[in-house]
Each structure stands twice: as structure tokens, then as C-alpha cells.
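Student: Next up is a structure, given as C-alpha cells.
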Amino acid sequence: FYRHASISRFQIGLGKDGSLSSWKNQLASPSILKRSFAPMSWFDIDPTFTEGADELHYAIQDFDFNYSIVDPGIPVGWWNSVGSSYNAFFTESAIDEAAHLAQKDPLDYRMKLLAGKPRFQNVLEKLAKVSQWGRLLPKGHGLGISIHKARGSISGAVIEVSTDPTGMLTLNKAWLAIDCGNVVNPDTVRAQMEGGFNMGLSACLEEEITLKDGRVEQSNFHDYHIMKLQGVPEISVEIIESGFEIGGVGELGPPLAAPTFVNAIFSSTGKRIRSLPLSKHGITIA
């Protein structure tokens with residue numbers, strides 16, 4: 001079984017003040033449930049691949065989301081964080097583009113759109129503090145940010161990247177923050193966030209399965225590349241104990257990696273990336 005491919009299209013309207021006046025999102029993807037749970041084949045619904053896109057936490061005046069189930073004939077299965085693994089990339093990249101078009105700071109823009117939602121704002125405030133968001137960065141450096149809700153928890157991330165004259169990227173540091181309600185074991189929370197985030201980074205960087213004449217072309221790690229330890233950034237994890245009911249942590253790290261990374265790349269280079277893996281766009285890391 002393979003992680004299901006997906007594609008998403010956005011039409012976003014901005015008000016005079018930069019607010020989101022309209023948001024139209026169309027998503028297409030294969031269905032896991034229609035293959036693994038026979039009764040789902042009777043309906044054209046699959047909430048597992050729409051999660052993270054069908055109910056946004058941002059203030060949007062006119063929200064419209066629809067999706068289509070497609071079947072490319074490839075068996076698909078569960079991948080860590082399922083629909084959130086790609087919908088966070090789609091939505092948080094789109095939010096970042098909206099902030100740029102509105103000529104707003106990406107973090108401030110999210111804070112404004114999340115007015116009245118203190119759990120989200122607390123995560124953003126924690127990230128702003130630990131990453132020293134807004135500081136003067138050296139030439140070639142950039143900061144990217146994203147925030148996401150899944151499994152009853154809210155997580156966010158900031159990545160600092162730098163680009164050398166040859167175009168080589170370095171992942172300097174990543175700051176993660178999570179509000180998973182009451183915390184039972186902080187070490188487990190940190191381990192899950194660190195491991196999941198690295199998994200997401202590796203996937204978005206150059207992991208890819210291709211098919212030719214009905215057969216998978218990759219056979220082992222010599223042609224299916226994963227991120228090496230030397231490319232892993234320093235990661236710090238901040239845990240916000242909000243006192244809410246216990247939420248999940250195992251699938252909160254992977255969704256943050258791709259959008260945070262591509263938003264940092266834009267901040268550093270001015271290059272906007274809308275598809276994965278990043279290696280297809282000539283992105284390599286030191």
C-alpha cells in the first residue's frame with residue numbers, strides 16, 4: 001500500500017484590510033476507506049482524506065470546500081497523520097500566500113485570523129517568543145511558520161533556514177509548540193513531536209514513489225531517499241499545558257514539516273513552492 005497522492009486548488013478573496021473574505025478549496029484524492037472498509041464504497045465520502053481542510057480554524061467570511069474521490073488504480077493506505085499530512089501543507093501554504101498578498105507578517109496575519117481562539121493564539125505566541133520572531137535575520141536566512149489542529153490537539157512550528165550562494169539550503173533550527181490538553185508524560189510528547197516532524201521533513205524533501213508500465217521503480221534506499229541525520233535541524237519542543245482534555249500527539253508533528261519548510265524557503269529565497277517533494281524543485285539541504 002502507498003500513501004495516497006492528492007491535489008488541491010484554491011481561490012481566495014481578500015478584503016481591503018487583508019482579511020479572508022472568501023475561501024474556495026477543491027481537493028481530489030484516492031480514498032483509503034473505500035478500499036479498506038467495504039461499506040464506504042456505497043458512498044462518495046471519506047473523512048480521512050479531508051481532515052485538515054474541511055473545517056478551518058481561521059476567520060473566513062465565505063468558506064466553500066468540496067472534494068472528489070479518484071481511483072488511479074494504486075492501492076493506498078494509512079500514512080502518519082493521514083489527510084492532515086498533505087492538507088496542512090495545502091492550507092498553511094495558501095494562508096502564507098494570502099499574508100504576502102495582504103502585505104502582512106505571516107505570524108501576525110494568523111494571529112488576527114484566529115482572534116477569539118486563545119488555544120491557537122497561545123501556540124503562536126509561544127512560537128514567536130522562543131524563535132524570536134521578528135528579529136533581524138542575516139542575509140539569506142528566512143523563517144517559516146505553520147499551525148494545525150488534529151486529534152484534539154493544536155501544534156505549530158517555526159523553521160529557520162539559510163541559503164548559501166550556491167543555492168544549498170541549511171535547516172538551522174526548528175521550534176515546535178503543542179497544546180495537547182493535560183499532559184501525562186512530557187518526554188513522550190517531545191519524542192513524538194520530534195520524530196514526527198523529522199518524518200515529515202524527510203517525506204517532503206525527496207521521498208517519492210514513481211510507477212512505470214504498472215510497476216514501482218524504487219526498490220531500496222539507494223533509489224528511495226530519506227533524510228540523513230546530518231540534515232536534521234536542532235529541534236526544541238514547547239509544551240503548553242492548557243488543562244483541556246487529553247489530545248493526541250502521535251500525528252501532530254508530520255503535518256507541520258512541509259508547510260513550515262516551504263514558507264521558510266519563500267522567506268529566504270522568494271521562491272514559492274506548491275508541490276512536493278522539494279527535490280523536484282532543485283532543493284537540496286547541506
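Student: What are the residues in segment 33-50 that are part of a loop (DSSP other than H, G, I, E, B) and either under 13 Å from His4 (Cβ atoms) or of a type in the set (Phe, Trp, Tyr) (or both), if any?
Tutor: Within segment 33-50, Phe37, Phe43, Asp46 qualify.
Student: Moving on to the next point. For the structure I just gave you, tell me whether Gly200 is assigned to a loop (DSSP other than H, G, I, E, B), surrounded by 15 or more Cβ atoms within 10 Å (Cβ to Cβ) and touching a residue at least 24 places away in the same chain (Cβ under 8 Å).
Tutor: When the stated conditions are applied, Gly200 does not pass them.
Student: Now, a different point. From Asn87, Asn66, grab the single residue that is more than 21 Å from Trp175 (Cβ to Cβ) and part of a strand (DSSP E or B).
Tutor: Residue meeting the stated conditions: Asn66.
Student: Checking Lys271 against (1) touching a residue at least 40 places away in the same chain (Cβ under 8 Å); (2) part of a loop (DSSP other than H, G, I, E, B); (3) over 28 Å from Gly77 (Cβ atoms), only one condition comes out false. Which one?
Tutor: Evaluating Lys271 over (1) touching a residue at least 40 places away in the same chain (Cβ under 8 Å); (2) part of a loop (DSSP other than H, G, I, E, B); (3) over 28 Å from Gly77 (Cβ atoms) leaves (1) as the failure.
Student: Scan segment 184-196 residue by residue and report those that are surrounded by fewer than 18 Cβ atoms within 10 Å (Cβ to Cβ), more than 9 Å from Val237 (Cβ to Cβ) and within 18 Å of the chain's Cα centre (by Cα).
Tutor: Correct list: Gly195 only.
Student: Within segment 36-54, can you find the residues that are at pLDDT below 75 and buried (at least 17 other Cβ atoms within 10 Å of the Cβ)?
Tutor: Listed by number, the list holds a single entry, Met40.
Student: Right, next: Take segment 19-32 and flag every residue that is among the hydroxyl-bearing types (Ser, Thr, Tyr), in a strand (DSSP E or B) and surrounded by 21 or more Cβ atoms within 10 Å (Cβ to Cβ).
Tutor: Ser29
Student: Can you tell me which of (1) among the charged types (D, E, K, R); (2) assigned to a loop (DSSP other than H, G, I, E, B); (3) closer than 30 Å to Pro118 by Cβ; (4) in contact (Cβ under 8 Å) with a residue 12 or more places away in the chain is the one Lys16 doesn't meet?
Tutor: Only one criterion in (1) among the charged types (D, E, K, R); (2) assigned to a loop (DSSP other than H, G, I, E, B); (3) closer than 30 Å to Pro118 by Cβ; (4) in contact (Cβ under 8 Å) with a residue 12 or more places away in the chain is unmet by Lys16, namely (4).
Student: Between Glu207, Glu251, which is under 19 Å from Asn80 (Cβ atoms), outside any helix (DSSP H, G or I) and modelled with pLDDT under 95?
Tutor: Being under 19 Å from Asn80 (Cβ atoms), outside any helix (DSSP H, G or I) and modelled with pLDDT under 95 holds for just one of Glu207, Glu251, which is Glu251.
Student: Follow-up question, since we're still on this one. Can you report the number of residues in segment 233-286 which are within 14 Å of Leu201 (Cα to Cα) and among the β-branched types (Val, Ile, Thr)?
Tutor: Result for segment 233-286: 7.
Student: Specify the residue that is surrounded by the most Cβ atoms within 10 Å (Cβ to Cβ); the eligible residues are those in segment 95-113 that are in contact with a strand residue (DSSP E or B) (Cβ under 9 Å, 6 or more places away or on another chain) and of a type in the set (A, V, I, L, M).
Tutor: Here the residue is Ile95.
Student: Could I ask something else about it? Can you tell me which of Gly13, Gly18, Gly52 is farther than 24 Å from Leu252 by Cα and in contact with a Ser or Thr (Cβ under 6 Å, 6 or more places away or on another chain)?
Tutor: Gly13
Student: A further question follows. State which residue is farthest from Val183 (Cα to Cα) when the search covers only segment 217-248 and only residues that are among the β-branched types (Val, Ile, Thr) and either assigned to a loop (DSSP other than H, G, I, E, B) or out of contact with any Asp or Glu (no Cβ under 9 Å at 6 or more places or on another chain) (or both).
Tutor: The qualifying residue farthest from Val183 (Cα to Cα) is Ile226.
Student: Identify the single condition in (1) in contact with a Pro (Cβ under 6 Å, 6 or more places away or on another chain); (2) of a type in the set (D, E, K, R); (3) without any contact (Cβ under 8 Å) to a residue 60 or more places away in the chain that Glu194 does not satisfy, given that it satisfies every other one.
Tutor: Among (1) in contact with a Pro (Cβ under 6 Å, 6 or more places away or on another chain); (2) of a type in the set (D, E, K, R); (3) without any contact (Cβ under 8 Å) to a residue 60 or more places away in the chain, Glu194 violates only (1).
Student: Tell me which residues, restricted to segment 150-171, are over 20 Å from Gly196 (Cβ atoms) and surrounded by fewer than 22 Cβ atoms within 10 Å (Cβ to Cβ).
Tutor: Ser162, Thr163, Asp164, Pro165, Thr166, Gly167, Met168, Thr170
Student: Could you say which residue among Gly181, Gly116, Gly134 is buried (at least 16 other Cβ atoms within 10 Å of the Cβ), part of a loop (DSSP other than H, G, I, E, B), small (Gly, Ala, Ser) and at positive phi?
Tutor: Within the list Gly181, Gly116, Gly134, the selection yields Gly181.
The values are calculated or read from the model by the stated rules, or taken from the named source; none is laboratory data. Being a predicted model, the structure only gives us computed values, none of them experimental. Virtual Cβ from ideal backbone geometry, glycine too; neighbours counted across all protein chains shown.
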